[in-house]
Structures are given as C-alpha cells and as structure tokens.
Amino acid sequence: MEYSEKEVMLQKYAEANRKLSLAQEQLAIANQKLKEYEEKAQKAEKASKMKSLFLANMSHEIRTPLNAIEGFSRVLVETDSQDDRMKFFEIIESNNNRLMSLVNEILDLSRVEAGEITMKKSSTDLNQLCDSIKNLFKFRCPETVKLSWKKPNMAVTFNTDANRITQVFSNLISNALKHTSAGSITYGYRMLDEGSNIEFFVQDTGTGIAPEDLQHIFNTYVSRDAETNNNGYGLGLALCKIIVEKLGGKIYVESKLGEGSLFHFVLPFEGTIGGIAPARNTTTSNVRTIRVSGRPDDKNKKTILVAEDEDSNYELVKIVLHKRYRLIRAHNGIEAVTMNEEEHPDLILMDIRMPEMNGLDATRIIKEIDTDTPVIALSAYAFEENIRDAKDAGCDEFMAKPFKVENLIEIVGKYLD
C-alpha cells in the first residue's frame, strides 16, 4: 500500500514537473515574442521619427535649387549681356542637375528595401565624370571650402553605371559639405591591386564622426547627427552602400572627431588605363551641342513623327530638332497610327501616356504594318517595368523624361544620320 501511494505521488510530481516545464517554455516563448514586439515597436518609432526628419530636410533640399532655377530663369530673360546669360544658364543647369539627382534619390526609396535598383553599365571616362561633378558643385561650395579632385596621370575608362557613380559621389560630397564649414574637400579615384580594383574617395577636413556612430553610419534613417541637428547623414549614405554593393564593391569610412572624414569605396575594375581616347560621357553637357546650321524649310530633310499630347513637350522637341529634320505631330495614338500610314516617316518619337490610344498600343499597330521604321519611346514613366513594356510593344529605344537635349539629338542621329 505504501509503495502504491509513493508511486502515485511520484507520478503526480512528474506530471507537475512536466506542466511546470511546459509553462516555463510557453513563458519563454511569450517573453521572446514580447521582446521582439518591443524591438519592432522601437524600430518603427525610430524609423517614423527619422522619416519625418528626412522629409523635412528634403523639403529644404528641393526648395533650394528650385529657388535658384526660378530666380535666375527670370533674370536670364531680362539680361542683355551674353556673358551674364551664359553664367546664369550655368547656375540654372547646375541647380537643375542637383534637383534631378535629388528626385532620383527619392524615387530610389521605393526600390531600396525590395532590392530592385538596377545597374546599367557603359564605357565611362572617369576624368570627364569627375569634371562634371566639379561643375555640379561649383555653386554649392561656400568660399571657405575648397573643392578639388586629384586627377591621375593616365586617363581611365571604366565599364560601370556612370549615373550611379555620380550619385554616390554627389551624396558623399553633399554629406562632407554639411560637416565642413571651412577647409577642403578632396575627391577622386586611384587604381589598386595592379589594376584589378579601383578605389573612389571623398575626404574632408570637417567635424568628423563620433566612434559610436561609425558602425551605424550607413543604416537607413539611422543618424544621431540627424536627430540632434536636422542636418545629418540622412538617406544618402544608406543609398551609397546599396549602390556600391550592387556594383560588386564595398564602402568604408574612417574618421576622427575634429579632424575630418574619409569615405572610400572599392569596385572590381573593368575597363582601360591610359593610351585610349576618352569615351563620350553623357553625364556632362554642352549647350553648344544643340546648335546647328540649316533651314527649317529644307525639303530634303528626313521626317520625324512626334506623337505628343502636351504642347510644351512638343515645343521642346521642335526647338531642338526642327532645323535638322522635318517634324509632323500627332496628338494621340490614333493620329500616330494614321499619320504613319499617310506620311511614312523615317522615325517616330512616341509618348506613352496619351488620350484616345496610348503609345504602347499605337506602337504595336505600327510595328505590325511596318517593322522597319524605328520608334523611340519618350516617357515620364521610367521604371524598369515601363522600359520593359515599351520594348515588348516594339519600341527600339527608350528615353526618360526629362531628357537632355544633346542625348535626344544623339539617339535620333543614331538612326537617321
């Protein structure tokens, strides 16, 4: 009897221990979930706060170049001096490039977390690229800060995405300007490992970065400096890291408080070094490239059908191309199809979004009848899927709006000249 009671007690004790262990496991799981929820809540609160700071900074950054563009555009109209007009034009163009760079960076936000940033590599003359960056910041540097770039002895042609390299340089130099009230900012590139790698760098003599912030400097929306001064590292450095890694490289930072910072990124090199004629680089522009001699009424000129419903957009194309080619206009996709059959143009510039019939449907119909006439899509819808849809519809080329006039001249000339 005593043995049976002892056995029952042991069984009850074992059952109690089992329930206790189960309860402890459930408690541990609950505590872990609670900890995860608390961490997520803290991250969400942090992200929300940093996004608000970021948007406030973006409002300032957008309004600043817009102010210069609007003001100098008005002054340009009322200025008779050709030298002053060219100077004002350079200011407008510089601020326009600054604004475009900012808009592109904001649009990249929607693609960052999904990892959908795409790279479009082409042969790029790095000396031309660095010169264009100097022009971009010509009017943004205060008199107390000297911006210079270390030009290597030999020209380097690099197979890379020139726009993305420019974006990284612009973000790093903009960041350096925020933290350098006096002194110098130096940027450039140099070859490493006997030409197998290339290093780009931006070095400043500014305030420097605290050691505890260095490990978080490239995290999205994470910046102690941004929290305290509304003038921090923001989104730009996080985008730099993503772009550099997409290009197959790594980005680094070295800094000491009060002594300045050095940002540098290393990419695998693919290109030529010395002895090669510089490749043409579309990151730079020259207003004189749109000038041409010729008569608008020359009947021997090739014909371009411009399908564009917006008057201002058509006027821009007309101003750029009318001395080189004969232009006819369609206001929608239906007119484009009809005029193509009647006029048999040598090339078609096709807007995508138009009334009655969009440019994609119009292109499909045109290509079913005439596969030889090149169609160049001009559209403000410039994401990868939009470009893919245009190519699937039969477009031979795609140009995003806003476009540089010299790029339009070049791409049209590719098919007609």
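Only one entry of D396, D346 meets the criterion of being open to solvent by 10 Å² or more (accessible area, probe 1.4 Å) and farther than 29 Å from M119 by Cα, and that entry is D346.
Provide a single number: the residues in the stretch 120-141 that are more than 19 Å from the chain's Cα centre (by Cα) and free of Cβ contacts under 8 Å to residues at least 40 places away in the same chain. Looking only at that region, the number is 0. Counting the residues of the stretch 135-163 that are touching a Lys or Arg at 6+ places or on another chain (Cβ under 8 Å) and under 16 Å from E270 (Cβ atoms) gives 3. Filter the stretch 127-153 down to the residues that are within 19 Å of L99 (Cα to Cα) and of a type in the set (F, W, Y), then identify the one that is most open to solvent (accessible area, probe 1.4 Å). Out of the qualifying residues, it is F139. Screening the stretch 239-258 for residues that are surrounded by fewer than 15 Cβ atoms within 10 Å (Cβ to Cβ) and of a type in the set (K, R) and picking the one that is farthest from the chain's Cα centre (by Cα) gives K256. Number of residues in the stretch 363-380 that are closer than 22 Å to V320 by Cα and open to solvent by 20 Å² or more (accessible area, probe 1.4 Å) equals 1.
Consider the stretch 156-214 and keep the residues that are small (G, A, S) and part of a helix (DSSP H, G or I). The one that is surrounded by the fewest Cβ atoms within 10 Å (Cβ to Cβ) is G195. Is one or more of the residues making up the stretch 71-84 open to solvent by less than 30 Å² (accessible area, probe 1.4 Å) and at pLDDT 80 or above? Yes - at least one qualifying residue is present in the stretch 71-84. Kindly establish whether R324 is touching a helix residue (DSSP H, G or I) at 6+ places or on another chain (Cβ under 8 Å), open to solvent by less than 70 Å² (accessible area, probe 1.4 Å), within 17 Å of Y415 (Cα to Cα) and of a type outside the set (V, I, T). Yes; evaluated as a whole, the condition is true for this residue.
Going through E384, E315, E406, E356 one at a time, which residue ends up being at pLDDT below 90 and on the phi > 0 side of the Ramachandran plot? Criteria check complete, one pass: E356.
The values are calculated or read from the model by the stated rules, or taken from the named source; none is laboratory data. All of these numbers come straight from a predicted model, not from anything done at the bench. Positions of Cβ are backbone-derived with ideal geometry, glycine not excepted, and every protein chain shown enters the neighbour counts. Quick note on the areas: whole protein, heavy atoms, side chains included, nothing else; ligands and nucleic acids left out. Shrake-Rupley method; radii C 1.70, N 1.55, O 1.52, S 1.80 Å.
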